[in-house]
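Trainee: Dropping a structure here in structure tokens format, bear with me for questions.
The values are calculated or read from the model by the stated rules, or taken from the named source; none is laboratory data. Everything quoted here is computed from the prediction, not taken from an experiment. FYI the Cβ positions are ideal-geometry reconstructions off the backbone, even for glycines, and counts take in every protein chain you see. Accessible surface areas use protein heavy atoms only, side chains included; no ligands, DNA or RNA. Shrake-Rupley method; radii C 1.70, N 1.55, O 1.52, S 1.80 Å.
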Amino acid sequence: MTASSQNKNTNGSMENPEILEGYNFAYLDDQTKRMIRRAILKAVAIPGYQVPFGSREMPLPFGWGTGGIQVTASIIGQDDILKVIDQGSDDTTNAVNIRNFFGKTAGVDTTEKTNKATVIQTRHRIPETPLSKDQILVYQVPIPEPLRWLEHRETETRKMHALAEYGVMHVGLYENIAHYGRVTTSYDYPVQVDDRYIMSPSPIPKFDNPKMDKMPALQLFGAGREKRIYAVPPFTKVKSLDFDDHPFTIESWEESCALCGSSNSFLDEVITDDEGTRMFVCSDSNFCKEQIEKLTNAPLLQNGDGS
Amino acid sequence: MTMSLQNPLLKVENLSHYYGDQIGCENINFDIYNGEVLGVVGESGSGKTTLLKLISGLLCPNAGSVAFDTRIEGLRDIYKMSEPERRLLMRTDWGIVYQNPKDGLRMNVSAGANIGERLMAIGNRNYANIRSDSSDWLEKVEMDLERMDHFPETFSGGMLQRLQIARNLITKPRLVFMDEPTSGLDVSVQARLLDLVRGLVSKLGIACVIVSHDLGVMRLLSHRLMVMKSGKVVEQGLTDQVLDDPQDPYTQLLVSSILPV
Ligand SMILES: Nc1ncnc2c1ncn2[C@@H]1O[C@H](COP(=O)(O)OP(=O)(O)OP(=O)(O)O)[C@@H](O)[C@H]1O
Ligand SMILES: [Mg+2]
Ligand SMILES: [Zn+2]
């Protein structure tokens, strides 16, 4: 984290005074942004449908979230506050780079606080703190096509979507149960959006799938290499596929977070020393921090207002 | 057999298809009735596969029509239906057994998943039911239940064809298309597979169009026989009649084994 080079203001947001000269606001040219916004509008109008778009070269290699970056660049405005997470953390190289990128090319404020952000770009997680209708969640997507493993022909997958021929999606679930006694897919677990399109939620843990359902925030998905944008509008039904006699379930842990004690967040197992000592901690680093702050502040508050 | 009171299950009229200047098949006419097995023989390149594709919804003809007796609306031209309707027919009322099992199976999922796929495709969402129907069908095609969770790669040619048959028949289709289902198999494997097909088809009363080079196969399986040459039908009739008393000179050569088929 490069907080030292930035000024933290009272909101916990960081201001980026040094905007790079010679670049358009948020890097992309206006024509490209308009094209991407049109794709986004179409995606919002047809929840879960993959809209092709003319993906641009970005100053990052594919696989580093170029799809998400292009979506963010097309929707972000001067007054937005951006949060970037990678596997739940604000501090990984990828998250820091993307945050700096928008700091420098758009001069927008950035934050680590989920509830302060207006735009959140994410790779592989949905924040634990529930999102509001004033926020937009932008996912980085590596493989947008949920039918690809079954059918490699693009013409055929498009037809399957068009005709809602989705029965074969259950072949994958069947196969899992037949071999392991349960559905073992734990990331990128396929969902059906608004009772219509089958959609890949990007490689978030299935733990996060229920958060997508009727989420108040707009969810946008960008796949740079595959040149696809799709969306889940606010308050839209999102259902994880399952069998009647093998209903969808999420991960749970015996342990609580070793740092904040939370028992209802997604936990990562980390190794803390050379002896292989393990502990479980929240994957959402900001959530964990806030839980710890709440714990330390709680007695004070109780004394303060007596409630 | 007198079936004239009944509507045909499939009605093919003046059917032609050309690949550029090349004739695929030309001016084909026939009807198939419920439970009837129609054999199609002819030398390589005579248009058998082309005809099978045309009548099974896989290839849109240049001319003529293919009508199927749909459950609700009776005879309907399959190429005038909407695509979703036609595809629904293909995975419910029809079955297609391909010459190359790799074209008809998912090689990356287990035998059970291959057999159960059609059930899932038509909306079955109960794992236990799908599983028990699939294993019933594995037994009906005389395969070991142990094979249920094995991948098709580990199966022999004859077993792959059994798997294709089970996968197709599980939705109780009324019409099944088979393109050379036994070619490439050992003679003894062929014979057992043919017995199985014959047994299932007659027990379930499924109508069938079978393409083969092999007159022996036809004698065993088909009620009626159609002989093709250069894209045209040169003779058709009851199988025994055609084979025992061929009228067309080309059929006479075929039957007398002077021509290799
Ligand atoms: N895709 C295609 N493009 C061009 N010509 C084709 C195509 N498919 C078939 N043909 C031609 O159409 C004619 C009929 O071919 P078809 O495959 O129907 O014959 P067949 O009776 O099934 O032969 P075989 O016994 O060898 O399988 C042949 O002359 C063939 O070369
Ligand atoms: Mg052929
Ligand atoms: Zn924690």
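Trainee: Restricting attention to the range A:159-192, which residues are farther than 23 Å from B:Met107 by Cβ and more than 9 Å from chain B (Cβ to nearest Cβ)?
Mentor: A:His161, A:Gly181, A:Arg182, A:Ser186, A:Tyr187, A:Tyr189, A:Val191, A:Gln192, listed by residue number.
Trainee: So which residues in the range B:24-38 are within 14 Å of B:Val234 (Cβ to Cβ) and either within 12 Å of ligand 1 (Cβ to nearest atom) or surrounded by 22 or more Cβ atoms within 10 Å (Cβ to Cβ) (or both), if there are any at all?
Mentor: Across the range B:24-38, the qualifying residues are B:Cys25, B:Glu26, B:Ile28.
Trainee: Ok, one more. Would you say B:Gly112 is touching a residue at least 12 places away in the same chain (Cβ under 8 Å) and either of a type in the set (Gly, Ala, Ser) or within 22 Å of B:Ser222 (Cα to Cα) (or both)?
Mentor: The answer is yes for B:Gly112.
Trainee: Considering B:Glu13, B:Glu73, B:Glu36, which residue is touching a residue at least 40 places away in the same chain (Cβ under 8 Å) and closer than 19 Å to B:Arg174 by Cβ?
Mentor: Being touching a residue at least 40 places away in the same chain (Cβ under 8 Å) and closer than 19 Å to B:Arg174 by Cβ holds for just one of B:Glu13, B:Glu73, B:Glu36, which is B:Glu36.
Trainee: Turning to a different aspect of this structure: Of (1) more than 14 Å from chain A (Cβ to nearest Cβ); (2) open to solvent by 20 Å² or more (accessible area, probe 1.4 Å); (3) under 20 Å from B:Glu180 (Cα atoms); (4) outside any strand (DSSP E or B), B:Thr50 satisfies all except one. Which?
Mentor: B:Thr50 satisfies all of (1) more than 14 Å from chain A (Cβ to nearest Cβ); (2) open to solvent by 20 Å² or more (accessible area, probe 1.4 Å); (3) under 20 Å from B:Glu180 (Cα atoms); (4) outside any strand (DSSP E or B) except (2).
Trainee: So, one more: For B:Gly20, state whether it is away from every other protein chain (no Cβ under 14 Å) and either without any contact (Cβ under 8 Å) to a residue 40 or more places away in the chain or within 16 Å of ligand 3 (Cβ to nearest atom) (or both).
Mentor: Here the answer is yes, as B:Gly20 does meet what is asked.
Trainee: Residue check: is A:Asp245 within 10 Å of another protein chain (Cβ to nearest Cβ) and either modelled with pLDDT of 95 or more or buried (at least 23 other Cβ atoms within 10 Å of the Cβ) (or both)?
Mentor: yes
Trainee: Moving on. Identify all residues within the range A:63-104 that are in contact (Cβ under 8 Å) with a residue 60 or more places away in the chain, open to solvent by 10 Å² or more (accessible area, probe 1.4 Å) and among the hydroxyl-bearing types (Ser, Thr, Tyr); write none if there are none.
Mentor: Within the range A:63-104, just A:Ser89 meets the criteria.
Trainee: Quickly run through the range B:53-69 and pick out the residues that are within 16 Å of ligand 2 (Cβ to nearest atom) and either farther than 30 Å from B:Ser156 by Cβ or away from every other protein chain (no Cβ under 14 Å) (or both).
Mentor: Hits for the range B:53-69 are B:Lys53, B:Leu54, B:Ile55, B:Ser56, B:Leu59.
Trainee: Same structure, new question: Within the range B:70-89, can one find any residue that is open to solvent by 10 Å² or more (accessible area, probe 1.4 Å), acidic (Asp, Glu) and within 16 Å of ligand 2 (Cβ to nearest atom)?
Mentor: no
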